[in-house]
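Written out below as structure tokens is the structure these notes cover.
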Amino acid sequence: MKRFLGVFALATAVIGTNISEATELFRDALESSVGWGVNSTGDTSATFGFDYSVSNLSIPEAPNTQVGDASTTGLLAQANIVSPAAGESFIAYPIGESFSGSYQLRFDAWINFDADNFYNNGAAGTTEFIGGGLGYNDTDNNVGSGAQIIATGEGGSGSDWRAFADGAFLSTGEMVAGTRNGFDPYYSDFLPSVSPPAGQAQTAPGDSIAGSPGFQWVTFEVNTANGKSAVFIEKPGGDRLHITTINRDGSRPYTSDGNIGLFYADFFSSVSSAPQMQFGLFDNVVVTQIPEPMTASLILVGLGLVAGCRRR
């Protein structure tokens with residue numbers, strides 16, 4: 001087991017750390033809607049250039065903000081805001097962009113939820129999903145194309161971590177943890193419970209649910225090379241967790257050539273009693289080319305090593 005973990009750590013480091021030296025293909029801090037399109041089911045909202053540091057939210061700066069960027073602005077995402085008739089979702093995408101070959105998508109994400117409703121009213125209307133992916137076809141308002149990863153903000157689903165290959169829902173056995181449930185220690189040890197920002201004045205107990213990314217910045221990362229897509233999340237301090245490798249054994253082919261997309265959804269027909277606390281944030285979207293020498297490491301992550309280190 002120690003040998004597997006060592007090689008696995010080396011492979012993930014090569015993909016996720018040294019790639020910063022490679023060619024940057026696209027970058028956007030989401031300060032303006034110019035150059036962006038949104039495909040939506042209806043009752044959703046995508047607000048670019050939103051200042052998330054305002055006093056009633058008091059959300060800190062996203063971890064990958066660069067010098068010269070507006071420090072606390074990004075894309076505010078909301079779904080199923082006022083009409084609890086059906087699930088709602090949207091994907092935001094950069095207009096006219098298309099990527100191919102071996103490349104990496106990274107973006108910072110924050111998801112908020114109505115903690116009072118979650119703890120005191122049976123979680124009615126609080127379960128929403130945030131994520132995104134690559135190989136997007138510029139038309140779907142769901143996760144129907146490419147390699148996609150999404151997560152709940154408060155552990156309100158038995159499948160809190162979900163991955164898709166051209167719309168095909170990956171099985172529990174295809175996840176590194178062997179489960180999609182955020183309560184599992186694989187996820188909950190990595191994402192412990194945290195308190196919401198004080199400025200939100202959310203009532204006690206009010207903390208997030210361990211294993212889901214509520215009330216904290218997490219960087220999503222999707223790497224594609226040679227027909228496989230290794231998916232990670234990263235905390236602001238640099239700690240990383242491998243979520244899945246899509247098409248690891250060749251049974252989940254997906255479209256890798258195409259655009260990137262940022263996804264937000266409420267799949268359930270309910271609205272929280274405090275919808276102003278129900279939202280997601282995106283910031284610092286970056287697409288980077290994966291140099292040819294590093295693609296071998298992506299293959300290593302996809303072949304065999306997942307089975308060797310299902311549990312940390």
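Which condition from (1) under 25 Å from Val176 (Cβ atoms); (2) at pLDDT 95 or above is the one that Phe267 breaks? Condition (2) is where Phe267 drops out. Among the residues making up segment 193-218, those that are within 19 Å of Ser157 (Cβ to Cβ) and under 17 Å from the mean Cα position of the chain (by Cα) are Ser208, Ile209, Ala210, Gly211, Ser212, Pro213, Gly214, Phe215, Gln216, Val218. All of (1) open to solvent by less than 40 Å² (accessible area, probe 1.4 Å); (2) out of contact with any Gly (no Cβ under 6 Å at 6 or more places or on another chain); (3) not charged (D, E, K, R) hold for Ser171 with one exception: (1). Among the conditions (1) over 19 Å from Phe263 (Cα atoms); (2) open to solvent by 50 Å² or more (accessible area, probe 1.4 Å); (3) not basic (Lys, Arg), Thr65 misses just one, which is (2). On inspection, Ala274 qualifies as surrounded by fewer than 20 Cβ atoms within 10 Å (Cβ to Cβ) and closer than 20 Å to Asn80 by Cα.
Listed by position, the strands (runs of 3 or more DSSP E) contained in segment 177-266 that have at least 1 residues being open to solvent by 10 Å² or more (accessible area, probe 1.4 Å) are 228-234, 240-246. So which residues in segment 270-306 are at pLDDT 95 or above and of a type in the set (Asp, Glu)? Hit for segment 270-306 is Asp283, nothing else. Could you list, in sequence order, all residues of segment 45-62 that are open to solvent by less than 30 Å² (accessible area, probe 1.4 Å) and β-branched (Val, Ile, Thr)? Across segment 45-62, the qualifying residue is only Ile59.
Looking at segment 14-57, which of its residues are modelled with pLDDT under 95, polar (S, T, N, Q) and outside any strand (DSSP E or B)? Of everything in segment 14-57, those that are modelled with pLDDT under 95, polar (S, T, N, Q) and outside any strand (DSSP E or B) turn out to be Thr17, Asn18, Ser20, Thr23, Thr41, Ser55, Asn56.
The values are calculated or read from the model by the stated rules, or taken from the named source; none is laboratory data. All values derive from a computational prediction rather than experimental measurement. Quick reminder, even Gly has a Cβ in these numbers, built from the backbone with ideal geometry, and neighbours come from all protein chains shown. Just so you know, the surface numbers come from the protein's heavy atoms only, side chains and all, with ligands and any DNA or RNA stripped out. Shrake-Rupley method; radii C 1.70, N 1.55, O 1.52, S 1.80 Å.
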